[in-house]
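Chemist: What follows is a structure written as structure tokens; I'll ask about it next.
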Amino acid sequence: MPTATPTRSSSAAGRTSYFSASRAHRYSVLFALPLLLGYEALAAMLAAPGKAELRNGADAMLRAAFTAVAGPYGTLIFMAAIILLGVGLVARDLKLSKDRLQGRVFLGMLAESVALAGLFGIVVGITTAKLIGSLQALSISPIQSTPWATRLMLSLGAGLYEELFFRVLLVGGLAAGARIILGFSKRLSAVLAAVAGALIFSAFHYIGPYGDELQLQSFIFRALSGLAFSGLYLTRGFGITAWTHALYDAFLLLA
């Protein structure tokens with residue numbers, strides 16, 4: 001019938017619209033906002049007077065970099081830079097797209113993140129078990145002995161700040177450098193950046209008093225996780241990757 005083709009075209013256009021819109025800054029940045037608010041609220045609530053504040057490692061590194069340059073105002077400048085950058089990206093995207101925000105896109109992004117977190121847990125777990133023989137060989141992180149609220153706070157921080165540091169800055173920077181400096185193709189640059197970023201991401205988890213005990217098994221597990229998140233960032237953008245990472249970590253630390 002004459003109406004059949006338009007219906008299929010409309011359905012395909014809707015799918016295309018969702019996947020492109022969910023990668024755009026106006027959705028991606030706003031979708032990550034609850035992670036920032038939840039993480040900062042829990043960190044403030046759990047902070048003990050007179051004691052060092054426990055923070056996600058990537059967050060601590062970024063704050064330390066700002067503090068090294070700006071001194072005691074470094075943390076305030078860091079938070080201001082995060083907020084202003086996010087507001088600027090959203091405002092610019094809204095202006096260029098001339099599009100109204102749609103709640104169904106945010107709901108779709110949440111459903112996609114939940115599904116991907118579960119899928120990543122299964123795939124990474126099975127792949128690691130195939131490589132090392134059993135997941136029982138993995139060491140227990142010191143974080144798993146902390147209260148559940150602390151583990152939830154660190155999961156939210158991992159989703160937000162580890163994706164900002166390791167995917168946006170590191171993988172994005174490595175991919176751009178491979179294209180511009182080395183002249184590699186866009187696809188090869190993305191693959192090399194994803195692999196290098198995954199190895200660095202895994203190594204990061206053995207630093208500091210709350211780092212894992214260094215083992216080949218856990219290093220492989222972390223590297224596979226990092227590779228999965230790098231691939232997801234390059235294909236689905238920051239917001240969905242941040243939420244997938246946060247939910248993935250929450251499942252591992254709270255379940």
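Chemist: Using helices alone, what [θ] at 222 nm do you get for the chain, with -39,500 (n - 2.57) per DSSP H run of 4 or more residues, divided over all residues and rounded to the nearest 500?
Modeler: Mean residue ellipticity at 222 nm (helix-derived): -24500 deg cm²/dmol.
Chemist: To the nearest 10 degrees, how steeply does helix 74-97 sit against the main Cα axis of the chain, on a 0 to 90 scale?
Modeler: Taking the Cα atoms of the chain, the angle to 74-97 is about 10 degrees.
Chemist: Taking K and R as +1 and D and E as -1, what net charge do the other residues with C-beta under 15 Å from the C-beta of Ser189 add up to?
Modeler: +4
Chemist: Treating the angle as unsigned and between 0 and 90°, give the value, to the nearest 10°, between the Cα long axis of helix 4-21 and the longest Cα principal axis of the chain.
Modeler: For helix 4-21, the angle is close to 30 degrees.
Chemist: Given +1 on the Cβ of Lys and Arg, -1 on the Cβ of Asp and Glu, and no further charges, what dipole in debye does segment 25-254 carry about its Cα centre, rounded to the nearest 20?
Modeler: With Lys and Arg at +1 and Asp and Glu at -1, about 700 debye.
Chemist: For the chain, find the longest principal axis of its Cα atoms and tell me its angle to the long axis of helix 186-204, 0 to 90°, nearest 10.
Modeler: Between helix and principal axis, roughly 30 degrees.
Chemist: Now for a different question. Could you tell me what fraction of 2.2 N^0.38 Å the Cα radius of gyration of segment 25-254 comes to, as a two-decimal ratio?
Modeler: Against the compact-globule rule of thumb, the ratio is 1.03.
Computed from the coordinates by the stated procedures, all read-outs in this text should not be read as laboratory data. The model shown is predicted, which means the values in this text are computed figures rather than measured ones. No Cβ is skipped: glycine too gets one built from the backbone with ideal geometry, and neighbour counts run over all protein chains shown.
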